[in-house]
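Undergrad: Please find one structure pasted underneath; my questions will follow.
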Amino acid sequence: MTRYVRRFVLGAALLLAGCGLHPLYQGGGHGPVARTLGTIEVGQISGQAGWLMRNALHDRLRAAGTEEPRYRLDVELDDQVTGFGVRTDNSVTRERRTLRARYRLVDVEKGTVVLDATAGSDAGIDVVTSEYAVIAAEQTALERLSDEVADQIVARVALYASRTAKK
């Protein structure tokens, strides 16, 4: 049985090697993707959600280095809380917080948009009798959503960086 397992693993490894898969962050902190991420400046984003998003993006992008900005990331957020699950007394029992971002990666030198995309996520919130608990849950959901959307944005920008680094 182990002979078949070894053959399967060897065959799978050969197939994966031939398909062109490679690590996105190849080279670690000194690789082309990490260097490109370190040259992105995050523009101002308005509101509390914007402050959370900008900090999350800044933490992820500038961790690779502090080189002179080559790109600027402009982000527009749409943060909504929608109530649903209504009781007979017309009180809401559940809310959904949705955070959507449209982002543009701008080449600072040329002034051109090199990447224009969207990202988003949502979270469910139970509405309880304590108003403080609901506000705390909404705030926690916003913090989590900011992290999730920032991860999506950085992953997409890193993919762009890996494709352009090969040229």
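The values are calculated or read from the model by the stated rules, or taken from the named source; none is laboratory data. Here the structure is a predicted model, which means the values were calculated and not measured. Cβ placement follows ideal geometry from the backbone for every residue including glycine, while neighbour counts extend to all protein chains displayed.
Undergrad: Just to be sure, is residue 136 more than 27 Å from residue 62 (Cβ to Cβ) and in a helix (DSSP H, G or I)?
TA: Considered against the rule, which asks whether it is more than 27 Å from residue 62 (Cβ to Cβ) and in a helix (DSSP H, G or I), residue 136 comes out as yes.
Undergrad: Give me the residue from region 84-118 that is more than 26 Å from residue 137 (Cβ to Cβ) and among the small types (Gly, Ala, Ser) and, out of that set, surrounded by the most Cβ atoms within 10 Å (Cβ to Cβ).
TA: 117
Undergrad: Now for a different question. Of everything in region 106-118, what is assigned to a strand (DSSP E or B) and out of contact with any helix residue (DSSP H, G or I) (no Cβ under 6 Å at 6 or more places or on another chain)? Give them in sequence order.
TA: 106, 107, 112, 113, 114, 116, 118
Undergrad: Scan region 44-71 residue by residue and report those that are over 22 Å from residue 137 (Cα atoms), crowded, with 16+ Cβ neighbours inside 10 Å and not hydroxyl-bearing (Ser, Thr, Tyr).
TA: Once the filter is applied, which keeps residues that are over 22 Å from residue 137 (Cα atoms), crowded, with 16+ Cβ neighbours inside 10 Å and not hydroxyl-bearing (Ser, Thr, Tyr), region 44-71 yields 45, 57, 60, 61, 62, 64.
Undergrad: Name the single residue that is farthest from residue 119 (Cα to Cα) among those in region 82-102 being modelled with pLDDT under 95 and either touching a Pro at 6+ places or on another chain (Cβ under 9 Å) or hydroxyl-bearing (Ser, Thr, Tyr) (or both).
TA: The qualifying residue farthest from residue 119 (Cα to Cα) is 88.
Undergrad: Tell me whether region 77-99 contains one or more residues that are of a type outside the set (Phe, Trp, Tyr), out of contact with any strand residue (DSSP E or B) (no Cβ under 7 Å at 6 or more places or on another chain), within 19 Å of residue 148 (Cα to Cα) and touching a residue at least 60 places away in the same chain (Cβ under 8 Å).
TA: Taking every residue of region 77-99 in turn, none turns out to be of a type outside the set (Phe, Trp, Tyr), out of contact with any strand residue (DSSP E or B) (no Cβ under 7 Å at 6 or more places or on another chain), within 19 Å of residue 148 (Cα to Cα) and touching a residue at least 60 places away in the same chain (Cβ under 8 Å).
Undergrad: Let me confirm something: among 116, 74, 78, 126, which residue is over 21 Å from residue 164 (Cα atoms) and within 20 Å of the chain's Cα centre (by Cα)?
TA: The conditions single out 78.
Undergrad: Determine if region 126-140 includes at least one residue that is closer than 30 Å to residue 35 by Cβ and at pLDDT 95 or above.
TA: no
Undergrad: For region 119-133, name all the residues that are outside any strand (DSSP E or B) and either surrounded by fewer than 17 Cβ atoms within 10 Å (Cβ to Cβ) or charged (D, E, K, R) (or both).
TA: Once the filter is applied, which keeps residues that are outside any strand (DSSP E or B) and either surrounded by fewer than 17 Cβ atoms within 10 Å (Cβ to Cβ) or charged (D, E, K, R) (or both), region 119-133 yields 128, 129, 130, 131, 132, 133.
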